[in-house]
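Scroll down for the structure; my scribbles are underneath it.
The values are calculated or read from the model by the stated rules, or taken from the named source; none is laboratory data. Please read all numbers here as calculations on a predicted model, not as lab measurements. Every residue, glycine as well, gets a Cβ built from its backbone with ideal geometry; the counts of neighbours run over all protein chains shown. Only protein heavy atoms, including side chains, enter the accessible area calculation; ligands, DNA and RNA are left aside. Shrake-Rupley method; radii C 1.70, N 1.55, O 1.52, S 1.80 Å.
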Amino acid sequence: MKFRCERDTLADAVATAYRAVASRTGALPVLAGLLLRLQPNEVELVGSDLELTIRVRVPAEVDGVGSAVLVARLLQELMSRLAAGAVRVEIGEDQAKIEAGRFRSEVRTLAASDFPRLPEAEGEGVKVAAGPLAQGLRQVVPAASKDDARPILTGVLIAATADGVRLVATDSYRLAVRDLPGLNLLGEGRSVLVGAKGLSELQRLLPTEGEVEVFLGERQVTFRLDGTELTARLVEGEFPNYQQLVPSGYPNRLTVQRDALADAVNRVRLVGGQNRDSSPIRLAMSAEGLELSATAQDVGQSYEPVEAKYEGTELTVAFNSQFLLDGLEATGSSELVIESVDPLKPAVLRASDTSDFLYLLMPVRIA
Amino acid sequence: MRLVVARCSVEYAGRLGARLPDAVRLVVLKADGSIAVHADAKAYKPLNWMNPPCTITEVDGVITASNRQAERLVIELHEVLYDSSFELGQDPGLAKDGVEAELQELLAARVQTLGAGLRLVRREYPTDVGPVDLLCRDGAGRAVAVEIKRIGEIASVEQLVRYRERLDRDGSLSPVLAVLAATRIKPQARVFAESRGVECVEVDLEELRAGAPADLRLF
């Protein structure tokens, strides 16, 4: 069996499916490969690490049907380096010939029969707007934990609300909540926990306009886009009761321009050197405004005042600088509000003009 | 996870031929598709095994595992003494203790633990033979090079002496004092350190941890 396809088309498809390929294959070496399924007039490329599966279909001139698994990394690097034009792939019993222009390669294949059974979309599909979902994911997914020791926190909670859906993620140091009214993704009262890695990949794939079809099964969720399908396993377990953490009111309120604050944080935290991401940055808030400072015992100190409006009692609170920057980025608005209680209680970042997103950030204890 | 304790014999054919004669052994069949035959010895090492991907079949008291490399492991069960399966679920994985890195972080935050009046100049202070873990100044302003180990051995002292020699070439630091800090320092290392003018300090990791402020979390 063989097929012929344009390099640009194939390279895009390989790069997309490759994002689901397992970085550590463990007991299933075949997961280091991309499954190529040759069908009449199209080739489907599949990458999977069992938690996440991405399937991409591309139009191709196909002669013969069947499947083969090619080493994903090699294929991805090869596609990114081939010149534009036609790519021909001929698949034999245990090797594949790849030709493009004057380039020729014969590479061993992995056994297609070892590739895990592909998840099929379950349940009835629901079409929702892709743009708002992508924006919500962009705001929330970075707050999910990357620590497998607490698997529930590696997921993003998607919960039905009265008029749409709510996305929530936390790593226990910060919590991001985004309401998406009008996005009727789930049945009333329903909620699911989806792995943040899968949703991060989905966010990259989602177009700014158009729709995505969502199929929610018992153990997985499938997102179907034009020619691409992403299936993520649901995370089992109960998401922490986050609602109790968000106080109804805060005594202290700082209003500041987001870009000015982000730029100043980026400058002041430089003193933290290689540890700048985790180094604390102090926000001294008073009637005069805001002053940022950072200290690294073995390097030195930095300070910068930032124009801001503050209502409340004089207060100094410190945050992990990267978590603060993530919050500023996620908030999106040009002007934002930081509400706080005291140096040891979580503060809230939100846009000054909308209430559909909030970012709860735990302070860092400082001497 | 299926555990079978049985009197069995085992034949392996593949890269070489091997046979285990009739004896009581433990056969472990894991959910990852692997199979291993254990004796009551050799710690974690099986007598014979096959890694996935392989095909495992069981017919009339004979378990056969085979793979694409044409290897075959045939276990004949002559008398089954125990046969049970358990659902272990997903393993959270091994959490390793990054003791030296953690020690360095904890000691950097409280260098006074190593000597009264010490203050930190820099972590990972570079020398042309590698970075010394901490460079400090004592109460009298003298430079102090600190090497941190989980277990202090002779090699640790030698390493620290090399760093001190390089640092001593810098007029702004010389003469440099040297401190070896570890949760345990071997007696030979202590003697050697004394002969090289290196001070030894044993530190208690749990005490250091207890003294460190806990991270504030939402839950």
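Observations, loosely collected:
- Members of the range B:194-218 found to be open to solvent by less than 70 Å² (accessible area, probe 1.4 Å) and within 14 Å of chain A (Cβ to nearest Cβ), listed by number: B:Gly211, B:Ala212, B:Ala214, B:Leu216, B:Leu218
- Checked against the criterion of being outside any loop (DSSP other than H, G, I, E, B) and within 14 Å of chain B (Cβ to nearest Cβ), the range A:245-254 has at least one qualifying residue.
- Filter result for B:Arg119 (within 14 Å of chain A (Cβ to nearest Cβ), touching a helix residue (DSSP H, G or I) at 6+ places or on another chain (Cβ under 8 Å) and open to solvent by 10 Å² or more (accessible area, probe 1.4 Å)): yes
For every residue, the table says whether it meets (1) within 14 Å of chain B (Cβ to nearest Cβ); (2) open to solvent by less than 30 Å² (accessible area, probe 1.4 Å); (3) within 24 Å of the chain's Cα centre (by Cα).
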{"position": "A:Phe3", "(1), (2), (3)": "no, yes, no"}
{"position": "A:Asp8", "(1), (2), (3)": "no, no, no"}
{"position": "A:Asp12", "(1), (2), (3)": "no, no, yes"}
{"position": "A:Tyr18", "(1), (2), (3)": "no, no, yes"}
{"position": "A:Val21", "(1), (2), (3)": "no, yes, yes"}
{"position": "A:Val30", "(1), (2), (3)": "yes, yes, no"}
{"position": "A:Gln39", "(1), (2), (3)": "no, no, no"}
{"position": "A:Gly47", "(1), (2), (3)": "no, yes, yes"}
{"position": "A:Leu52", "(1), (2), (3)": "no, yes, yes"}
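- Test: residue in the range B:126-138 that is within 14 Å of chain A (Cβ to nearest Cβ), farther than 18 Å from B:Gly197 by Cα, open to solvent by less than 70 Å² (accessible area, probe 1.4 Å) and assigned to a helix (DSSP H, G or I): no
- In the set (1) away from every other protein chain (no Cβ under 14 Å); (2) surrounded by fewer than 15 Cβ atoms within 10 Å (Cβ to Cβ); (3) not hydroxyl-bearing (Ser, Thr, Tyr), B:Val74 fails one condition alone, (2).
- Just one of the listed residues (B:Gly152, B:Gly139) is at pLDDT below 95, more than 21 Å from B:Ala101 (Cβ to Cβ) and of a type in the set (Gly, Ala, Ser), and it is B:Gly139.
- One residue from A:Arg150, A:Arg178, A:Arg166, A:Arg138 being of a type in the set (Lys, Arg) and within 12 Å of another protein chain (Cβ to nearest Cβ): A:Arg150
- Listed by position, the strands (runs of 3 or more DSSP E) inside the range B:46-88 whose residues that are in the same structural domain as B:Ala23 (by TED's automatic domain parsing), without any contact (Cβ under 8 Å) to a residue 40 or more places away in the chain and more than 11 Å from B:Val10 (Cα to Cα) number at least 1 are B:48-50, B:55-59, B:62-66.
- Every test in (1) in contact (Cβ under 8 Å) with a residue 60 or more places away in the chain; (2) open to solvent by less than 20 Å² (accessible area, probe 1.4 Å); (3) closer than 21 Å to A:Asp147 by Cα is passed by A:Val192 save one, and that test is (1).
- Segments classed as strands (runs of 3 or more DSSP E), wholly inside the range A:285-367, with at least 1 members that are open to solvent by less than 20 Å² (accessible area, probe 1.4 Å) and within 14 Å of another protein chain (Cβ to nearest Cβ): A:289-296, A:300-306, A:315-320, A:335-340, A:347-351, A:357-361
- Candidate set from the range A:225-237 (those that are farther than 10 Å from A:Ile54 by Cα and out of contact with any helix residue (DSSP H, G or I) (no Cβ under 9 Å at 6 or more places or on another chain)); member that is most open to solvent (accessible area, probe 1.4 Å): A:Asp226
- Annotation: A:Asn241 fulfils all but one of (1) of a type outside the set (Val, Ile, Thr); (2) surrounded by fewer than 17 Cβ atoms within 10 Å (Cβ to Cβ); (3) touching a residue at least 24 places away in the same chain (Cβ under 8 Å); the unmet one is (3).
- Of all residues making up the range A:203-224, the number that are of a type in the set (Gly, Ala, Ser) and either crowded, with 16+ Cβ neighbours inside 10 Å or more than 29 Å from A:Ser355 (Cα to Cα) (or both): 1
- Residues in the range B:140-193 that are outside any helix (DSSP H, G or I) and open to solvent by 60 Å² or more (accessible area, probe 1.4 Å): 11 in all.
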